[in-house]
Amino acid sequence: MIGDLLDLVWPRRCAVCGRPADRPGRHLCSECLNRIPFNPAKGLCSVCGRAVEGLEGEYLCDDCTGPDRPSFDRAVSAVRYEDAAREMIHGYKYAGQLWLRGDFADWLEGAVSARFDASAVDIVLPMPLTALHRLDRGYNQSGYLARELARRIGRAERGGILVRKGHPRRQAGLCEEDRRENAKGTFAVRHAEFVRGRTVLVVDDIMTTGATLSEAAKALKESGASRVWCATLARSIRA
Ligand SMILES: [Zn+2]
Ligand SMILES: [Zn+2]
């Protein structure tokens, strides 16, 4: 109701085109929503959720069968990190446009429901910020997403269980091998009793090579998690 009142006083504008937003409580108009590059729910690698050209149905991609296969069991990304989706996520991540989280939770919820059995998730954990990012930004954008997603799928969410150790370099700008090296051993689990024998869903904003999520999954598995699933808002196509 407060939202309805606010809409009267200060009509929401579409975050992309600036025209009046025509969907209640959302900041993306239906026309722009139609142009968001959503990932398909089928025809992806069963583990990492990557689309491999020429392959259909359920399959495992080369990355998920090789020696460097990820430690998570499954990953899904709602959209491709392109065009309007990229603009919106960038604004959310770096310019504090936190009001976009309702729109993003729609995308995440859709992707999670399409690819996972959400009722099997025991606990939802946000990807923790690095100490550097925490200083820079002062908020954890993945934390808001994890909380909103957990509320929508009716599961518990907890911050402070999956934590960062040390001060790794930023992943942005590193090649795939360096990303893997840089991400190694950077996570710890506090209160392992929350993950032991559980199906854990880790939520992050952008997946690039999956190296960071894989390291997080490794730490969770070492603490006894039985399954680790990952959901990210967007997937960036690797360079
Ligand atoms: Zn629009
Ligand atoms: Zn794969």
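Values in this text are rule-based calculations from the coordinates and carry no lab data. All values derive from a computational prediction rather than experimental measurement. As a convention, Cβ positions derive from the backbone with ideal geometry for all residues, glycine included, and neighbour counts pool all protein chains shown.
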Exercise. Counting other beta carbons within 10 Å of each Cβ, put SER113, SER236 in order, fewest first.
Key: SER113, SER236
Quiz item: Percent relative contact order of the chain, based on C-alpha pairs within less than 8 angstrom and at least six residues apart?
Solution: 21
Quiz item: If the cut-off is 14 Å between C-alpha atoms, which aspartates and glutamates fall inside it for LYS42, apart from same-chain ones fewer than 8 positions away?
Solution: GLU53, GLU56, GLU58
Quiz prompt | ARG13-GLU222 FRET efficiency (beta carbon distance; Förster radius 45 Å; 0.05 resolution) | solution = 0.45
Exercise. Quickly work out the TYR59-to-HIS191 label distance, labels modelled 7 Å from Cα along the C-beta direction, and quote it in nm with one decimal.
Key: 4.3
Exercise. Rank by packing, highest mean first: peptides 172-184, 20-32, with packing defined as the count of other Cβ atoms within 10 Å averaged across residues.
Key: 20-32, 172-184
Quiz item: Normalised by the number of residues in the range 1-118, what is the relative contact order in percent for Cα pairs under 8 Å and 6+ residues apart?
Solution: 22
Quiz item: By how many nm would the segment from ALA95 to LYS165 grow when fully extended, if each residue of separation counts as 0.36 nm and the alpha-carbon distance is taken off?
Solution: 22.6 nm
Quiz item: What is the calculated FRET efficiency for ARG152 to ASN182, with r their C-beta to C-beta distance and R₀ = 41 Å, to the nearest 0.05?
Solution: 0.80
Quiz item: Out of residues 5 or more away from ARG13 or on other chains, whose amide H comes under 5 Å of its own, with H placed 1.01 Å from N in the peptide plane?
Solution: ALA21
Practice problem: Provide, for q = 0.14 Å⁻¹, the log10 of I(q)/I(0) from a solvent-free Debye sum over equal Cα point scatterers in the chain. | Solution: -0.92
Practice problem: Name the lysines eligible as straight-distance cross-link partners of LYS218: C-alpha to C-alpha under 25 Å, and not fewer than 8 places from it in the same chain. | Solution: LYS165, LYS184
Quiz item: What number, rounded to the nearest 500 deg cm²/dmol, is the helix-based mean residue ellipticity at 222 nm of the chain, given -39500 (n - 2.57) per DSSP H run of at least four residues and division by all its residues?
Solution: -9500 deg cm²/dmol
Self-check item: Cα-projected label distance for ALA114 with ALA41, points at 7 Å along beta-carbon direction, nm
Solution: 0.7
Exercise. Could you tally the net charge around ALA156, taking each other residue with its Cβ under 14 Å from the Cβ of ALA156, Lys/Arg +1 and Asp/Glu -1?
Key: +2
Quiz prompt | Descending Cα extents along the principal axes, the range 57-173, whole Å | solution = 41, 33, 33
Exercise. May I have the pair-distance distribution P(r) for the range 127-235, computed from all Cα-Cα distances with 5 Å bins from 0 and rounded to whole percent?
Key: 2, 12, 22, 27, 22, 11, 4, 0
